[in-house]
1. Putting +1 on Lys and Arg Cβ atoms and -1 on Asp and Glu Cβ atoms, find which of Gly311, Leu329, Val288 reaches farthest to the positive end of the dipole of the range 273-338.
2. Using the Karplus equation 6.51 cos²θ - 1.76 cosθ + 1.60 (θ = phi - 60°), what ³J(HN,Hα) coupling, rounded to whole Hz, does each residue of the range 223-240 give in order, writing x for Gly and Pro?
3. Fewest first, what order do Phe236, Phe153 take by the number of other Cβ atoms within 10 Å?
4. So for Ile70, Ile89, Ile263, fewest C-beta neighbours within 10 Å to most, what's the order?
5. For the range 148-208, what mean projected area does the convex hull of the alpha carbons give, in nm²?
6. 5 Å is the cut-off here: which amide hydrogens, built 1.01 Å from N in the peptide plane, fall below it relative to Ile20, excluding neighbours closer than 5 in sequence?
7. For a bin width of 5 Å, list the pair-distance distribution of the range 211-337 built from all Cα-Cα distances, rounded to whole %.
8. Quick one: compute a quarter of the convex hull surface over the Cα atoms of the chain and quote it in nm².
Amino acid sequence: MMITLKEAATRILAANKILITAHVQPDGDAIGSSLGLAEYLKKKGKQVTVIVPNYFPDFLHWMEGADRIIQFDRHRAQAKTYISCADLIVCLDINEPARLEELAVPIVASNARKMMIDHHLQPKRFCNLTISYPDASSTCELVFRVIHGIGGFGQLTKAGAEDLYAGMCTDTGKFSYNANDPDIYIILSELLRKGIDKDRINRLIYNNYTEARFRLLGYILSEKLQVFPVLHASMFTLTRDELSRFTYLKGDTEGVVNMPLEIRGMKLSMYLREDTEKPRILFSLRSVDDFPANRMAAEFFGGGGHLNAAGGNLQCTMDEAVEIAHKALEAYRPLLVK
Ligand code: 5GP
Ligand code: MN
């Protein structure tokens, strides 16, 4: 059932043991929206637990409560206990159970009521209650609206405001895409009134490179980036060997796929990475204007996402993945060349 943001708030507040979860390889929006909502609900006297499928990057660990997030891949038994006790499961920043990977199994099997709050296109029906606003900048924006809509913003802590700011900032590339809605800046203004130090948060998120990560960036840009000028597209790949040469930690290449779009005229950037855990290739796509990165990801890379930020994964070798990427570029040539 599709419900409004206001109804969502009422339903959440009717529950007591609330489990919050978000997508695999959690990003700033996934962690920010989870911890932001948790902050508010704890103030309302709820028992709240946040469980994510796997590791989230170091540059998100500064958030209050981040150290209490349960990683399913490391603490399965403990996570399952919390799932079985919950009376409400709130799924944030995901539109389908596949985005939970192995965590989807106990979540889908659970008898608890489930609510999705998300901004991806084409939500699948796996929750009793669905709140889906694909035009929203981020799930953090939606969590703000849920809390604000019932007059609860006064009870959101400064830490909660920091969490929501972090997700809005990262999902819009520091408000440089998907950020034309004037409301966003009213929300930002409200968050700043909580006394958050936005400049410090930006430093914690963005000026947090290890030297190895910084050098990996140099290697990608000078050695690995292939540019196809006629197609206004680019691609780079990284194998496990290359990643380990730069002592890769998960999250180290976060955001790098955006960089080739800084080349004049670029419409599409593709990043292919060998997964360090499973035998598969992860695809990351970024585009500008109306180029449908999500359609390309769904058609060729077994994934989906937003118009301008999408991804997928395929169980194949890197050589095969590159071949598929070239096929995708050819298929979209008419849209890319113009
Ligand atoms: P990223 O490139 O940051 O990994 O992912 C960008 C966006 O693409 C995500 O926010 C998500 O919407 C989408 N995405 C990434 N990987 C997958 C995937 O395997 N399946 C689907 N459906 N979407 C994905
Ligand atoms: Mn998001």
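Nothing in this text is a laboratory measurement; each read-out follows from the coordinates by a stated rule. Source: prediction; values computed, not measured. Cβ coordinates were reconstructed from backbone atoms using ideal geometry, including for glycine residues, and neighbour counts include every protein chain displayed.
1. After comparing all options, I get Val288.
2. 9, 9, 6, 10, 10, 10, x, 5, 8, 6, 9, 8, 8, 9, 10, 9, 8, 4
3. Taking fewest neighbouring Cβ atoms as first place, the list is Phe153, Phe236.
4. Listing Ile70, Ile89, Ile263 from fewest to most nearby Cβ atoms yields Ile263, Ile70, Ile89.
5. 4.2
6. Close amide H contacts, sequence-distant or interchain: Thr49, Val50, Ile51, Val90.
7. 2, 11, 23, 25, 21, 12, 5, 1, 0
8. 16.2
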